[in-house]
Amino acid sequence: MKRIITAAALLCIIVIYSVYTLFELKSKNNELKSMIHEIQSVYESGDTERALYLSNELNNYWHKYEKSVTLIIKDEALSNLNISIAKITPFISNENAELVAEIQSVYHQIDQIYEEEFPSWYNIF
Amino acid sequence: MTVVFIRSVILYCIIIFSVRLMGKRQIGELQPSELAITILISNIATLPVEDTGIPLVKGLMPILTLVCLDVIMSWVSMKSRSMRRIMSGEPVIIISNGRIDQKKLHDLRFTTDDLLEALRTEGIFDIDEVQFAIVETTGKVSVFPKYADRPVTNDDLGIKNSSSDPPFALVQDGNIIFSSLDRLGLGKGWLDKILEENKTKLSDIYIMTAESPAKYRIIKKEG
């Protein structure tokens with residue numbers, strides 16, 4: 001009976017952990033997206049200095065994000081996102097025209113990370 | 001390299017834990033579902049070790065999920081006969097009254113070579129000696145020989161004796177096995193008395209077995 005209880009408890013922990021990580025990922029992704037959105041709108045309003053400040057904030061948040069989601073997300077997906085986020089600050093300081101495209105790429109990658117984890121019909125099968 | 005090493009150590013611990021959780025079964029006695037899970041686990045376990053890009057948690061989660069499901073399903077099977085039938089199948093009688101059921105053999109995709117080999121494994125070389133044979137859910141063939149070919153037993157010879165448990169190891173390499181002492185209803189005091197009678201020290205004993213307080217054997221360490 002001890003085995004059954006251990007197995008059932010473990011199974012519960014696994015299910016709870018899986019659901020928790022999904023919600024955690026969604027909330028962290030939303031936070032990341034809102035930061036990027038703010039950078040984009042500040043940059044488009046012409047305030048490069050504030051955009052640079054926000055991009056530094058984004059980098060700090062990104063390091064925390066990466067550490068927490070590395071337990072559940074494949075390294076490859078995070079590496080690609082890391083490269084894209086690292087490009088934002090230099091693009092702002094150089095006022096590079098590719099900034100908007102890079103930001104769109106970051107949005108897409110963030111969404112993709114969540115979609116790959118979401119237990120949809122398509123992902124399961 | 002260190003990452004692979006540490007991951008391997010963690011996986012080793014998790015797999016040992018998982019196998020212990022699954023319970024004691026020998027490979028040859030695994031039920032079909034258990035065999036499938038054992039193979040799956042061994043395959044899944046290699047993924048996070050080989051590819052450090054895969055989070056370790058992602059490698060551990062399917063292992064633990066499979067093991068937990070197996071333990072729970074085996075418990076459900078224990079409680080429900082119909083579930084047992086679904087999970088493990090049913091034993092199939094292939095020889096009854098000395099007659100081979102060819103249809104059943106065909107259904108099981110058992111060739112005559114398989115049948116003869118299984119009988120030989122049971123020590124039967126002549127199919128005429130078999131009264132009854134059954135293919136267990138594990139795939140093992142159990143054989144019941146005809147009356148004339150069964151080994152002679154003590155009962156057949158009229159030898160009367162009381163049955164008793166086999167001897168238990170009470171001391172191994174100078175260490176007392178208290179669980180064996182308890183099983184025989186003996187205590188440390190009895191052991192000390194025996195050691196005194198035999199003029200020996202506990203640390204000098206290689207192995208000591210007993211099946212009753214009066215019937216024990218001491219083998220001393222050599223050299």
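Would you be so kind as to identify all helices of chain A, as entire DSSP H runs, whose Cα atoms reach 18 Å or more along the helix's own axis and whose mean Kyte-Doolittle hydropathy is at least -0.5?
Numbers: long enough: A:2-44 (62 Å, 0.45); A:48-69 (30 Å, -1.19); A:75-93 (28 Å, 0.49); A:99-117 (28 Å, -0.37).
What comes out of the filter, once short or polar helices are dropped, is A:2-44, A:75-93, A:99-117.
If the viscosity is 1.567 mPa s and the temperature 4 °C, what translational diffusion coefficient in µm²/s does Stokes-Einstein give for chain B when Rh comes from Kirkwood over Cα pairs? It would help to have the intermediate numbers written out before the result.
Values: Rh = 23.0 Å.
Answer, rounded: 56 µm²/s.
Once you have the Cα-Cα distance between B:Thr2 and B:Asp101, take 0.36 nm times their residue separation minus that, and quote the gain in nm to one decimal. List each step's numbers first, then the result.
Working: separation 99, 0.36 × 99 = 35.64 nm, distance 5.90 nm.
Full extension of this stretch gives 29.7 nm more.
Taking the radius of gyration and the Kirkwood hydrodynamic radius from Cα positions alone, what is the Rg/Rh ratio for the range B:2-86, to two decimal places?
Details: Rg = 14.4 Å, Rh = 13.8 Å.
With Rg and the Kirkwood Rh in hand, the quotient comes to 1.04.
For the residue pair B:Lys201 and A:Met1, what label-to-label distance in nm results when each label sits 7 Å from Cα along the Cα-to-beta-carbon direction?
The modelled label-to-label distance comes out at 4.6 nm.
Using θ = phi - 60° and the Karplus curve 6.51 cos²θ - 1.76 cosθ + 1.60, what whole-Hz ³J(HN,Hα) does each residue of the range B:91-101 get, with Gly and Pro shown as x?
So the Karplus estimates, Gly and Pro as x, are x, 10, 7, 10, 10, 9, 6, x, 10, 6, 8 Hz.
Taking a cut-off of 31 Å, what percent of all Cα-Cα pairs in the protein assembly as shown are separated by more than that? Mind dumping the intermediate values first?
Numbers: 39433 of 60378 pairs.
More than 31 Å apart: 65 percent of the Cα pairs in the protein assembly as shown.
At a threshold of 8 angstrom on Cα-Cα distance, excluding pairs fewer than six apart, so keeping six or more, what relative contact order does chain A reach in percent? Could the numbers behind the result be given before it?
Numbers: 68 pairs, mean separation 34.0, N = 125.
Contact order relative to length: 27 percent.
Which value at 222 nm does chain B reach when only helices count, each DSSP H run of 4 or more adding -39,500 (n - 2.57), with the total divided by all residues and rounded to the nearest 500 deg cm²/dmol? If you can, show how the numbers build up before the last one.
Values: 9 runs with 108 residues, N = 223.
My calculation for chain B gives -15000 deg cm²/dmol from helical runs alone.
Starting from the Cα gyration tensor of chain A, multiply each eigenvalue by 5, take the square root, and state the resulting semi-axes largest first in whole Å. Walk me through the numbers on the way to the answer.
Values: eigenvalues 266, 38, 25 Å².
Taking √(5λ) for each eigenvalue gives 36, 14, 11 Å, largest first.
Where a Cα-Cα gap under 13 Å defines reach, which aspartates and glutamates qualify for B:Lys220, not counting those fewer than 8 residues away within the same chain?
Correct list for B:Lys220: B:Asp173, B:Asp204.
Test of understanding: ordering B:Tyr206, A:Tyr43, A:Tyr107 by Cβ neighbours within 10 Å, fewest first, what list do you get? Display every interim value, and only then the final one.
Values: B:Tyr206 13, A:Tyr43 22, A:Tyr107 17.
With the sparsest Cβ surroundings first, the list reads B:Tyr206, A:Tyr107, A:Tyr43.
Straight-line reach from B:Lys103: which lysines have a Cα under 25 Å away, not including same-chain ones fewer than 8 places off?
B:Lys140, B:Lys146
Set the Förster radius R0 to 51 Å, insert the Cβ-Cβ distance between A:Lys67 and B:Lys79 as r into 1/(1 + (r/R0)^6), and round the FRET efficiency to 0.05.
0.70
Residues with amide H under 5 Å of B:Ile205's amide H, sequence separation 5 or more or different chain, H placed in the peptide plane at 1.01 Å from N; which?
For B:Ile205, the qualifying residues are B:Gly174, B:Lys221.
I need the calculated FRET efficiency for the pair B:Asp155 and B:Glu222, taking r as the beta carbon distance and R₀ as 45 Å, to the nearest 0.05. Present the calculation step by step, with values, prior to reporting the outcome.
Working: r = 42 Å, r/R0 = 0.93.
Computed FRET efficiency for B:Asp155 and B:Glu222: 0.60.
Could you go through the range B:144-150 in sequence order and give the Karplus-derived ³J(HN,Hα) for each residue, using 6.51 cos²θ - 1.76 cosθ + 1.60 with θ = phi - 60°, rounded to whole Hz, and x for Gly and Pro?
These are the phi-based 3J(HN,Hα) values: 10, x, 5, 3, 5, 9, 6 Hz.
Give the order of B:Trp75, A:Trp62 when sorted by the count of other beta carbons within 10 angstrom, beginning with the fewest.
Taking fewest neighbouring Cβ atoms as first place, the list is B:Trp75, A:Trp62.
Using a Gaussian network model of chain B with C-alpha springs under 10 Å, which one of B:Asn97, B:Asn175, B:Asn43 is most mobile by mean-square fluctuation?
Comparing B:Asn97, B:Asn175, B:Asn43 in the GNM, the peak value goes to B:Asn175.
Under 5 Å between amide hydrogens, which residues at least 5 positions from A:Phe118 or on another chain qualify, with H placed 1.01 Å from N in the peptide plane?
Result for A:Phe118 returns nothing.
Here is the link list: B:Lys188/B:Lys221; B:Lys160/B:Lys193; A:Lys2/B:Lys58; A:Lys26/A:Lys64; B:Lys160/B:Lys188. Which ones come out longer than 24 Å on Cα distance?
On the way: B:Lys188/B:Lys221 21 Å; B:Lys160/B:Lys193 33 Å; A:Lys2/B:Lys58 26 Å; A:Lys26/A:Lys64 15 Å; B:Lys160/B:Lys188 34 Å.
Going by Cα-Cα distance, B:Lys160/B:Lys193; A:Lys2/B:Lys58; B:Lys160/B:Lys188 fall outside the 24 Å limit.
How big is the range B:168-220 by Rg and Dmax over its Cα atoms, in Å?
9.6, 25
Distance between the C-alpha centers of the range A:5-46 and the range B:17-80? Whole Å please.
Each part's Cα centre sits 29 Å from the other's.
For a quick check of your reading of the filter: which trypsin sites (Lys or Arg not before Pro) in the range B:85-191 sit in a DSSP loop and have no more than 16 other Cβ atoms within 10 Å?
On the way: sites: B:Arg85, B:Arg99, B:Lys103, B:Lys104, B:Arg109, B:Arg120, B:Lys140, B:Lys146, B:Lys160, B:Arg183, B:Lys188; in loops: B:Arg109, B:Lys140, B:Lys146, B:Lys160.
Here the trypsin sites (Lys or Arg not before Pro) that fit, given the DSSP loop and packing criteria, are B:Arg109, B:Lys140, B:Lys146, B:Lys160.
Could you grab the relative contact order for the range B:37-96? Cα pairs under 8 Å, six or more apart, rounded to a whole percent.
Rounded, it is 24 percent for the range B:37-96.
For B:Gln131, what residues show an amide H to amide H distance below 5 Å, using hydrogens built from the backbone and excluding near sequence neighbours?
B:Phe144, B:Lys146
Every read-out reported here was derived from the displayed coordinates using simple, explicitly stated rules and does not represent laboratory data. All values derive from a computational prediction rather than experimental measurement. Backbone-built Cβ (ideal geometry, glycine too); neighbour counts: all protein chains shown.
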